[in-house]
Amino acid sequence: MKNVLAFKPLPADQLDRIRALHRVTVADPKVAPDAFYAALPEAHGLIGASTPIDAALLAKAPKLEVVSSVSVGVDNYDQAELRRRGILLCHTPGVLDETVADTIFGLLIATSRRFVELSNLVREGKWQNIGEDLFGDDVHGKTLGLIGFGRIGQAIARRAALGFGMRVLYHARRPVDLAAAAPDLQGKATHTPLEQLLPQSDFVVAMLPLSDATRGMVDAKFLAAMKRGAIFINGGRGPTVSEPDLLAALDSGHLRAAGLDVFTKEPLPFDSPLRTHPRVTPLPHIGSATHETRHAMAELATTNLLQALAGERPTAVFDTSAA
Ligand SMILES: NC(=O)c1ccc[n+]([C@@H]2O[C@H](COP(=O)([O-])OP(=O)(O)OC[C@H]3O[C@@H](n4cnc5c(N)ncnc54)[C@H](O)[C@@H]3O)[C@@H](O)[C@H]2O)c1
Ligand SMILES: O=C(O)[C@H](O)CO
């Protein structure tokens, strides 16, 4: 029997799976720091999400064998320190792709058809004539530029190309072998250099992990290269975008709108201009937040944790060797 510290609540059935084999403490360091730090020195496994795990915290956990994240993104964890200490890092790729792609498509439609702004007219009793000044733009038939074309990017491309008849261009670290990875997208998504993708796209969707290479990638130069009147959506990680540069591009009228599920600082600070900007549709990082998908993520994270504690290779280990 080993010691597991759940730093976020888990569904009861997944906690039961762990409790059947190990001792479990549930303590979120932001809510119950005393209980969390009391359990940390004896913990063999950590499971949870959205809490930074840095070198100082890891130094207090000498017995740790595995950190199992209930997320696919692992930028919250000090990967180099985990590798140095020989601690496995596990995550939840794949099980959330379709749900996150649904959310991103929702943002595409909401921004282009001005759902929030026009819904507010109804709520405020201001619905009168819907004239040209309140029309939106079509989504179907337009060009989508995807920045990041991994599991989720491909699920977005599928909706765009197969469901909405869109032309799909993508930029990634390297071209994807569609015949092997996504045969249904063959001939329907084209690897395109960024400098050609940006001026051609009516919508640009960033679906990038946060790394040294992607931090601040969407800056003034990137935004200026976008087509005038285009819409920008961020579903990856907030710090991949310079928020001041995005606001400037919106205020100058170069971009028509932005849909944002992620922000540099979360929860979004009350004084952020992005919170109330009339042409920004902000969401509170809910890409994967459905009952079904969050349960599937917790289930995979639990499986990863139990496998690691049993000395088996977990289903989804994140490769920290590049850190
Ligand atoms: N909003 C949400 O709730 C939510 C949900 C899930 C994932 N995410 C974020 O989305 C990210 C992507 O998830 P995924 O499962 O599709 O990952 P993935 O690893 O399958 O795909 C990542 C893609 O980004 C590309 N990429 C990485 N670095 C790049 C660079 N420097 N330049 C250009 N392209 C680069 C890769 O080539 C790949 O195409 C996650 O890491 C996470 O941060 C957000
Ligand atoms: O990376 C992820 O899985 C999402 O952003 C949820 O945290």
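For the residues LEU121, LEU197, LEU162, the requirement of being farther than 21 Å from SER288 by Cβ and open to solvent by 60 Å² or more (accessible area, probe 1.4 Å) singles out LEU162.
Per-residue answers, yes or no, for (1) among the aliphatic types (A, V, I, L, M); (2) outside the structural domain of GLY106 (by TED's automatic domain parsing); (3) within 15 Å of ligand 2 (Cβ to nearest atom):
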site: PRO267; (1), (2), (3): no, no, yes
site: ASN304; (1), (2), (3): no, yes, yes
site: THR320; (1), (2), (3): no, yes, no
site: ALA323; (1), (2), (3): yes, yes, no
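Against the test of being of a type in the set (Val, Ile, Thr) and in contact with a strand residue (DSSP E or B) (Cβ under 8 Å, 6 or more places away or on another chain), the options THR103, THR92, THR51 yield a single qualifying residue, THR92.
Confirm whether GLY287 is within 15 Å of ligand 2 (Cβ to nearest atom) and either under 23 Å from THR143 (Cα atoms) or not basic (Lys, Arg) (or both). So GLY287 fits the description; yes.
The condition of being modelled with pLDDT of 95 or more and within 23 Å of THR214 (Cβ to Cβ) holds for only one of ILE87, ILE130, ILE152, ILE109, that being ILE152.
Would you check if LEU146 is buried (at least 21 other Cβ atoms within 10 Å of the Cβ) and farther than 30 Å from HIS44 by Cβ? Criteria met by LEU146. Counting the residues of the range 261-280 that are out of contact with any strand residue (DSSP E or B) (no Cβ under 6 Å at 6 or more places or on another chain), open to solvent by 20 Å² or more (accessible area, probe 1.4 Å), assigned to a loop (DSSP other than H, G, I, E, B) and not hydroxyl-bearing (Ser, Thr, Tyr) gives 9.
Against the test of being surrounded by fewer than 13 Cβ atoms within 10 Å (Cβ to Cβ) and either over 16 Å from the mean Cα position of the chain (by Cα) or in the same structural domain as TYR77 (by TED's automatic domain parsing) (or both), the options ALA189, ALA220, ALA180, ALA230 yield a single qualifying residue, ALA180. For the residues ALA316, ALA224, ALA249, the requirement of being farther than 25 Å from SER69 by Cα, touching a helix residue (DSSP H, G or I) at 6+ places or on another chain (Cβ under 6 Å) and at pLDDT 95 or above singles out ALA249. Of the numbered criteria (1) touching an Asp or Glu at 6+ places or on another chain (Cβ under 8 Å); (2) open to solvent by 10 Å² or more (accessible area, probe 1.4 Å); (3) more than 28 Å from GLN79 (Cβ to Cβ), the one PRO209 fails is (3).
Residues that are open to solvent by 10 Å² or more (accessible area, probe 1.4 Å): which strands (runs of 3 or more DSSP E) entirely in the range 1-104 hold 1 or more of them?
The qualifying strands (runs of 3 or more DSSP E) are 3-6, 23-26, 88-90.
When you scan the range 284-294, do you find a residue that is surrounded by 18 or more Cβ atoms within 10 Å (Cβ to Cβ) and touching a strand residue (DSSP E or B) at 6+ places or on another chain (Cβ under 7 Å), even just one? Taking every residue of the range 284-294 in turn, none turns out to be surrounded by 18 or more Cβ atoms within 10 Å (Cβ to Cβ) and touching a strand residue (DSSP E or B) at 6+ places or on another chain (Cβ under 7 Å).
The values are calculated or read from the model by the stated rules, or taken from the named source; none is laboratory data. The structure presented is a predicted model; accordingly, all values stated were derived computationally and were not measured. FYI the Cβ positions are ideal-geometry reconstructions off the backbone, even for glycines, and counts take in every protein chain you see. Just the protein is used for accessible areas: all its heavy atoms, side chains included, with ligands, DNA and RNA removed. Shrake-Rupley method; radii C 1.70, N 1.55, O 1.52, S 1.80 Å.
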